[in-house]
1. Let me know the shape class of the range 12-81, please: from the alpha-carbon gyration tensor, a ≥ b ≥ c as square roots of the eigenvalues, rounded when a/c is under 1.5, otherwise prolate if a/b is greater than b/c, or oblate.
2. Under 8 Å for C-alpha pairs, at least 6 residues apart: give me the relative contact order for the chain, rounded to a whole percent.
3. Only four residue types carry charge here, +1 at the Cβ of Lys and Arg and -1 at the Cβ of Asp and Glu. Report the dipole size of the range 196-327 about the Cα centre in Debye, rounded to the nearest 20.
4. Considering the alpha-carbon set of the range 71-141 alone, what are its Rg and its Dmax in angstrom?
5. Seen from all sides and averaged, what is the projected area of the convex hull of the Cα atoms in the chain, in nm²?
6. Can you compute the radius of gyration and Dmax for the range 1-118, using only the Cα atoms, both in Å?
7. If you look at just the Cα atoms of the range 315-357, how large are its Rg and its Dmax in Å?
8. Which lysines have a Cα lying under 24 Å from the Cα of residue 37, excluding residues fewer than 8 positions away in the same chain?
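None of the figures in this text is laboratory data; all of them are computed from the coordinates on show. Please read all numbers here as calculations on a predicted model, not as lab measurements. Every residue, glycine as well, gets a Cβ built from its backbone with ideal geometry; the counts of neighbours run over all protein chains shown.
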Amino acid sequence: MTTRHETLAAATVSDPRWAAVAARDPRADGEFFYSVKTTGVYCRPSCPARTAKPENVAFHATAAEAQRAGFRPCLRCRPDQPSLAAQHATTVAELCRVIEAAEHAPTLDELAQRAGMSAWHLHRVFKSVTGLTPKAYATAHRTRRVRTELARSGTVTDAIYGAGYNSGGRFYAQADQVLGMTPTRFRAGGADTDIRFAIGESSLGAILVAQSDRGVCAILMGDDPDALARDLQDRFPKARLIGGDAEFEQRVAQVIGFVEAPRLGLDLPLDVRGTAFQQRVWQALRDIPAGQTASYTEIARRIGAPASVRAVAQACGANALAVAIPCHRVVRNDGALSGYRWGVERKRALLERESEA
């Protein structure tokens, strides 16, 4: 005969929240709290205290709910205070504002002193929250400033120095990867850049494929071919958009062939343009085998930035190379399909076809 304790223990163990408590998973902090009736305290999931017996545990949606049930906050994990992750996020957000406001990028030691941490610890915390090191974040911020300055400054040199670079050479070494072209061409809106493109039809709608001299720079999907062409033109307002010839249309056929039959594979030269963080996310997406999926949380963990789940989702949304960079293989933690730039139904269809391949 099953005892009451056994029944209570079984109910707790079967609750998915128990796995987070048993693993002391900091990612669950803030999502719920748990109380232990034998001690009269309530804790956050990551509490380092010895794991309680499941029959003595109850779950609560908020700290206030646990307190109303008569439990007091644990003195070890202090669930009534902001979590360590939240404190780190606040600190890093403040440091990001410092970096953005500084005329010259602060050193790691300067940032660490402001945060009251060792340089090593700050480097680790900053990367876990933003997905980038402080130096890489400063570089990405300066790059964004360069894009703005290129649009309004009198010369490219003025734009580079106005964005905080100490030397033009340092920026030019990174410009091609970040801007996808020279600063002069970027400032001119892609003038003197040839981009060939063609639009084909698939069972999932229209597909536009565009290619620069570096490789395929856009694969766009939608219901309206004209809208896809306008999207491409908005990306390169002064580039020479050239309709693809018969040879280039074979490239489009290659992409459509992959959409219809993923087992064929897709090997294209790509012109990938984005920030350092975006490129890390996109590479992680390309590492997901066809027929498999990964959650945004898993991708964040794979690139060494477990706290940057939202930023991973934003990078997926910024991807302009449908199927070549397979953001359709990223799903929610519960396996459900989330938003997809080209429509959830297309995402579902692509995943179904890959699972059958």
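1. Numbers: a/c = 1.35, a/b = 1.17, b/c = 1.15.
It is rounded, given that a/c, with a ≥ b ≥ c, falls under 1.5.
2. Values: 516 pairs, mean separation 40.4, N = 357.
So the answer I get is 11 percent.
3. Details: 14 positive and 15 negative charges, 141 e Å.
For the range 196-327, the charge dipole is close to 680 debye.
4. Rg, Dmax (Cα atoms, Å): 14.0, 50.
5. Working: hull surface 92.2 nm².
Seen from a random direction, the Cα hull of the chain projects 23.1 nm² on average.
6. Rg then Dmax for the range 1-118, in Å: 19.1, 73.
7. Cα radius of gyration and Dmax of the range 315-357 are 9.9, 28 Å respectively.
8. The reachable lysines, counting only those whose Cα sits under 24 Å from residue 37, are 53.
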